[in-house]
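Here is the structure we will look at, set down as structure tokens.
What follows draws every value from the coordinates through simple rules; no lab data is involved. As the structure is a computational prediction, the values presented were derived from the model and not from experiment. Here the Cβ positions follow ideal geometry from the backbone for every residue, glycine too, while neighbour counts run over all protein chains shown.
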Amino acid sequence: MNNTSFRKRMENSSKSKRSRIILALDVAPRVDLLNFIKNMIFLLEAHICAIKINFHLILPLSSSEISEINKIAHSFNLQSIADIKLNDIPNTNKIAMYYLFKMGFDAIIVNPFMGKKSLRSAVAQAHRINRGIIALVYMSHPEAKESFGLTVTLGKNNNKQNNIVYKVFHDNAYRSDADGIVVGATQSDILKEISCQKRLPIYSPGFGTQGGNIKEATLMSIDYFIIGRSIINNNPLKSISKIKQIISI
Ligand code: XMP
């Protein structure tokens, strides 16, 4: 692993590939899963700056198969992100991160519900080996308002203040020196608000299949567009070329 930070590597990959698209490799179960994924990377590598892997691959594939995918990604100058929305007690987080980084992931998406102190230790663990932590701020699915949209009361006695969970998470991510935040593309008002503040790189999923509008999102300062099914399930090369025309670098 080189000694450039994950944040810088993302910027470099994005510049050299002239793309801000992160390909979500969400493939439904199939017998030739590993080969299908490898071929998808060979086919699309020139059009993306990173891949994102979640339970679609982490559960069915072995750790050496995941390492192999990450090596292929790196050989094409792509970053690789593990999207497991990690959220456990510190010891479990630490061990999960150890194994994910050992498999070659450059960054891990975590859920700030774990708490401020845990988020800070996750960032410190990642930064010690030049890897990154990306924190959820507001998820893309409609039920996100039942958690990320809740109003909470913080502070004690005369110092009590109301705030909304996603604002607390945004602040915690910034203060913990996280490398980026995830805000769903379907949450256009929140995305607008956060992109105006622009405290951390913004990673946004939820385009196409989930309803987020790519054209509208290009008017905000989103750094990376996470896209899966609308590329993978439907003539990948043609779909990604169309999307790339809309998202300028
Ligand atoms: P699609 O097929 O909808 O895939 O383009 C989107 C990918 O992103 C993941 N996803 C999220 N990941 N925070 C995340 O960290 C979110 O709010 C979020 N919404 C969707 C999804 O699992 C898929 O891999």
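Quick notes on this one:
- Amide H within-cut-off set for V110, under 5 Å, with H built and near neighbours excluded: L86, I134, A135, L136
- Spatially proximal aspartates and glutamates relative to K102 (Cα-Cα < 13 Å; intrachain offsets below 8 disregarded): E65, E68
- Distant-in-sequence amide contacts of A24, defined by a placed amide H-H separation under 5 Å and a gap of 5 or more residues or a different chain, comprise K52, I227, G228.
- Compared with the direct C-alpha span, the chain from N162 to S248 gains 27.1 nm at full extension, assuming 0.36 nm per residue.
- Computed lengthening from D32 to L237, 0.36 nm per intervening residue step minus Cα-Cα distance: 71.8 nm
- One way to sum up the overall shape of the stretch 6-246 is the equivalent ellipsoid from its Cα gyration tensor, whose semi-axes run 29, 21, 16 Å, largest first.
- Rounded to 5, percent antiparallel among DSSP beta bridges of the stretch 118-229: 30
- Taking A28, A82, A178 as the candidate residues, the one with maximal mean-square fluctuation in a Gaussian network model of the chain, Cα springs under 10 Å, is A28.
- Charge dipole (Cα centre; +1 on Lys/Arg Cβ, -1 on Asp/Glu Cβ; no other charges) of the chain amounts to roughly 580 debye.
- Computed extension length for S221-T92: 43.0 nm, one decimal, from 0.36 nm per residue of separation with the Cα-Cα distance subtracted.
- Top positive-direction residue, dipole computed over the stretch 144-249 with Cβ charges, set V152, T209, S188: T209
- Computed [θ] at 222 nm, deg cm²/dmol, the chain (DSSP H ≥ 4; -39,500 (n - 2.57); rounded to nearest 500): -12500 deg cm²/dmol
- Links that overshoot a 19 Å alpha carbon limit, given the list K52/K116; K17/K71; K167/K198; K52/K198: K52/K116; K52/K198
- Inter-part distance where the stretch 182-249 and the stretch 67-127 are each reduced to a Cα centre, Å: 22
- Here the peptides 46-57, 29-40 are ranked by packing, the mean other Cβ count within 10 Å, and the order with the highest first is 46-57, 29-40.
- Judged by the mean number of other Cβ atoms found within 10 Å, the most tightly packed of the peptides 125-134, 189-198 leads the ranking 125-134, 189-198.
- Each listed q (0.17, 0.20, 0.21, 0.22 Å⁻¹) maps to a log10 I(q)/I(0) for the stretch 117-249, found by the Debye formula over equal Cα scatterers with no solvent: -0.96, -1.17, -1.23, -1.28.
- Of F225, A122, L57, farthest towards positive along the dipole that unit charges on Lys, Arg, Asp, Glu beta carbons give the chain: A122
- The aspartates and glutamates within cross-link reach of K117, meaning a Cα-to-Cα straight distance under 18 Å and a gap of 8 or more places when in the same chain, are D88, D171, D177, D179.
- Label-to-label distance, nm, for residues given as F42 and F55 (7 Å Cα→Cβ offset): 3.1
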